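Novice: Could you have a look at this structure, given as structure tokens, before my questions?
The values are calculated or read from the model by the stated rules, or taken from the named source; none is laboratory data. Computed from a prediction, not measured in an experiment: that's the story for all the values here. Because the Cβ atoms are built from the backbone with ideal geometry, glycine has one as well, and the counts that use them run over all protein chains shown.
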Amino acid sequence: MKRIVLGIEYDGSPYQGWQTQPNGRTVQDVLEIALGKFAKQNIQTVCAGRTDAGVHAVEQIVHFDTELDREMYSWVNGVNTFLPSNIAVRWAKELNLDPNDAHFFHSRFSAFSRTYHYLLYNHPVRSPLWAGRAGWFFRPLQLDLMQVAAQYLIGEHDFTVFRAAACQAKSPIKHMYDVKIRQQGDLIVFSLRANAFLHHMVRNIVGSLIFVGSGRREPEWIRTLIETKDRSLSAPTFMPDGLYLARVEYDPIWELPHELNENLPYGLQFS
């Protein structure tokens, strides 16, 4: 047996999230069907982070175990043959499968950080070109105020105030390593990097930062929110359209072939 690791990119707009469920079509369902057709056997996958309905991934990390002996390019090109245009395998890597090895790889439990980008179209009139690809807010936003507010998120905190009621995480305590808020024309990009995220955490944070940027709250309100641990006091969960799982970081010992940049979608770049 060997463990195959894949880097997956997908447009989550038409799917009910990553994880298989009784009702609705999911990314995991479609990927496993394609893997089954290519491998001619059932294959079950494990991902680094389960994305919600309508959420995208620039690089989702997936692993599965198999006895098949295939070249890595075959796992890429062969599986992509059976995938729809909104999902693609970007790369594949074979790792030894030995649970007694100190460097035993697991796509979820071996990850030490995850980065999400949220793209927000900030313009008085919605754009059909960004529909499903970016969130939209019609009032002007003050970037500097949101950047100040974001600093209160840095560090280890109890993020209960940004946690969905259906969240199944064992602990609400997470470590936020970095939050960047940058603007390019009418597009504002929120980039959040943490050891892990709670259910709806990024979208709830973005909604609250928009409250600050639109002048409804002062930047210090974010610190107060975290201290209250009361979800009812923060902003409503923002739309999923602009959320992208961008990067999952692992120990370099596995030499995964993912990109070393921020994995910003649509060729966006910031100096």
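Novice: How many residues does segment 115-164 contain that are surrounded by fewer than 21 Cβ atoms within 10 Å (Cβ to Cβ), within 26 Å of Gln60 (Cβ to Cβ) and of a type in the set (D, E, K, R)?
Specialist: Counting residues in segment 115-164 that are surrounded by fewer than 21 Cβ atoms within 10 Å (Cβ to Cβ), within 26 Å of Gln60 (Cβ to Cβ) and of a type in the set (D, E, K, R) gives 2.
Novice: Taking interchain pairs and intrachain pairs at least six residues apart, which have beta carbon atoms under 9 angstrom, with the first residue in segment 199-221 and farther than 18 Å from Met176 by Cα and among the acidic types (Asp, Glu) and the second at pLDDT 95 or above and outside any loop (DSSP other than H, G, I, E, B)?
Specialist: Partner pairs satisfying both residue conditions: Glu218/Leu145; Glu218/Ala149; Glu218/Val212.
Novice: What residue, among those in segment 21-46 that are in contact with a helix residue (DSSP H, G or I) (Cβ under 7 Å, 6 or more places away or on another chain) and either among the aromatic types (Phe, Trp, Tyr) or in contact (Cβ under 8 Å) with a residue 12 or more places away in the chain (or both), is surrounded by the fewest Cβ atoms within 10 Å (Cβ to Cβ)?
Specialist: Checking each candidate, the answer is Gln44.
Novice: Tally up the residues in segment 59-115 that are among the small types (Gly, Ala, Ser) and in a strand (DSSP E or B), please.
Specialist: 3
Novice: Can you pull out every residue in segment 186-239 that is in contact with a strand residue (DSSP E or B) (Cβ under 9 Å, 6 or more places away or on another chain) and polar (S, T, N, Q)?
Specialist: Listed by number, the residues that qualify are Ser191, Asn195, Ser214.
Novice: Separate question: Quick check on my filter: what residues within segment 238-271 are loosely packed, with under 13 Cβ neighbours inside 10 Å, at positive phi and either in the same structural domain as Ser191 (by TED's automatic domain parsing) or not in a helix (DSSP H, G or I) (or both)?
Specialist: Glu255
Novice: Now a separate question. Can you find a residue that is aromatic (Phe, Trp, Tyr), crowded, with 17+ Cβ neighbours inside 10 Å and more than 25 Å from His123 (Cβ to Cβ) anywhere in segment 199-220?
Specialist: no
Novice: Looking at (1) of a type outside the set (Ser, Thr, Tyr); (2) in a loop (DSSP other than H, G, I, E, B); (3) touching a residue at least 24 places away in the same chain (Cβ under 8 Å); (4) not assigned by TED's automatic domain parsing to the domain that holds Ala57, can you tell me which one Val125 breaks?
Specialist: (3)
Novice: Name the pairs: first residue in segment 96-120 and more than 22 Å from Glu262 (Cα to Cα) and modelled with pLDDT under 90, second residue part of a strand (DSSP E or B) and not hydrophobic (A, V, I, L, M, F, W, C), Cβ to Cβ under 7 Å, at least 6 apart or on different chains?
Specialist: Going by the 7 Å Cβ cut-off, the qualifying pairs are Asn96/Lys2; Leu97/Lys2; Leu97/Arg3; Leu97/Asp65.
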